[in-house]
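**Q** One structure is given below, represented as structure tokens, and several questions about it will come after.
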Amino acid sequence: MFIVWGKKAVYKKLGFVADFCTICRCAQPFLVRRIGMAGHVYYITVGEGELVGYDRTCQACGTSYTADAARYQSMAKKQAPLAELMRKTFPGFAAYWADRLSLEEKVKSSPMLLAAEERKSLLREAFLVLSPSVEKRFASTHMDKEVGFAVLATIGLLLAVPALTRVVAPDQAEVAVLVAMAAGIVLVIWQIAVSGRRFMRRDVVPLLAKSLNPLRPKKEEVTAILAELKTHGHKIGSKLKVADLLDGLKPARVVLAA
Ligand SMILES: [Zn+2]
């Protein structure tokens, strides 16, 4: 008998803390999880596995970071107002993030006066924070709802076409089914092919826009960063179209100009 076994990551929710989010550019509530690697048989694991680390996910924007659990005084079982959460879980927040918070003040008040290197590293940082989620997305084939609709449409075609052909042109039934099948396959393949760009536009661009807009990035700056990331093998550099990113940045530019 063939037995499926191996190791798999096991996530355990530990609680909520307050910490700094690079995408939101401020303090936010986070959910902290313990990550363990446990042996599995048919993907069923027992226990929490050997500790490999922790992650924290911003409850405002959904971005995940690796976490240092020792940083927190405690973890709250439930979400609470941010000030209360900070007092209970990370009272040293202001001191720990002092340099970063003063840099964020500069970003807010005069982003164009930041030193060139400071500005470049702040811009690049947002892409690097989001890079792991892009790597994960493109590591396997994903079905979003549009791909699901294409599969349903194909099934619908394969049911409707033979029934229709039997009535209209019974001698063409086989050809009609083959044409319907080919059309369905083309539709599904096309939707899978464009789903990557859809993910970038829908899930990545809004987060990048949120983080980059306060810096009022120029087209040349984001183009150069994407090229650099692509050279270093980051998928975000090759999968993200500059035009899609600039489209996402536009609304805030209009607000800033108003
Ligand atoms: Zn956030």
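**Q** Restricting to the range 1-27, give me the number of residues that are within 16 Å of the ligand (Cβ to nearest atom) and open to solvent by 40 Å² or more (accessible area, probe 1.4 Å).
**A** So in the range 1-27, the residues within 16 Å of the ligand (Cβ to nearest atom) come out as 16-27.
Next, only the ones that are open to solvent by 40 Å² or more (accessible area, probe 1.4 Å) stay: 26.
Summing the residues that are within 16 Å of the ligand (Cβ to nearest atom) and open to solvent by 40 Å² or more (accessible area, probe 1.4 Å) in the range 1-27 gives 1.
**Q** Continuing with the same structure: Step by step: first the residues of the range 74-87, then only those that are surrounded by fewer than 17 Cβ atoms within 10 Å (Cβ to Cβ) and within 15 Å of the ligand (Cβ to nearest atom), then the one that is modelled with the highest pLDDT. Which residue is that?
**A** So the residue we want is 82.
**Q** Got a number for residues in the range 28-49 being more than 10 Å from the ligand (Cβ to nearest atom) and open to solvent by less than 50 Å² (accessible area, probe 1.4 Å)?
**A** 10
**Q** Separate question: For the range 114-130, how many residues are in contact with a helix residue (DSSP H, G or I) (Cβ under 7 Å, 6 or more places away or on another chain) and of a type in the set (A, V, I, L, M, F, W, C)?
**A** Count: 6.
**Q** Need pairs with beta-carbon distance below 6 Å; first residue assigned by TED's automatic domain parsing to the domain that holds residue 200 and open to solvent by less than 50 Å² (accessible area, probe 1.4 Å) and within the range 227-241, second hydroxyl-bearing (Ser, Thr, Tyr) and in a helix (DSSP H, G or I); sequence gap 6+ or separate chains.
**A** Pairs found: 236/131.
**Q** Listed residues 195, 211, 133; which is in contact with a helix residue (DSSP H, G or I) (Cβ under 9 Å, 6 or more places away or on another chain), outside the structural domain of residue 245 (by TED's automatic domain parsing) and either open to solvent by less than 30 Å² (accessible area, probe 1.4 Å) or not charged (D, E, K, R) (or both)?
**A** After applying the criteria, what remains is 133.
**Q** Quick one: which residue in 104, 146, 125, 118 is in the same structural domain as residue 236 (by TED's automatic domain parsing) and either touching a residue at least 40 places away in the same chain (Cβ under 8 Å) or surrounded by fewer than 16 Cβ atoms within 10 Å (Cβ to Cβ) (or both)?
**A** Of 104, 146, 125, 118, the one residue that is in the same structural domain as residue 236 (by TED's automatic domain parsing) and either touching a residue at least 40 places away in the same chain (Cβ under 8 Å) or surrounded by fewer than 16 Cβ atoms within 10 Å (Cβ to Cβ) (or both) is 146.
**Q** Would you mention how many residues in the range 50-73 are more than 16 Å from the ligand (Cβ to nearest atom) and free of Cβ contacts under 8 Å to residues at least 40 places away in the same chain?
**A** Matching residues across the range 50-73 total 6.
**Q** Identify, please: which residue in the range 88-98 is within 16 Å of the ligand (Cβ to nearest atom) and outside any helix (DSSP H, G or I) and is, among those, surrounded by the fewest Cβ atoms within 10 Å (Cβ to Cβ)?
**A** Once the filter is applied, the top-ranked residue is 97.
The values are calculated or read from the model by the stated rules, or taken from the named source; none is laboratory data. Computed from a predicted structure; not experimentally measured. Because the Cβ atoms are built from the backbone with ideal geometry, glycine has one as well, and the counts that use them run over all protein chains shown. Quick note on the areas: whole protein, heavy atoms, side chains included, nothing else; ligands and nucleic acids left out. Shrake-Rupley method; radii C 1.70, N 1.55, O 1.52, S 1.80 Å.
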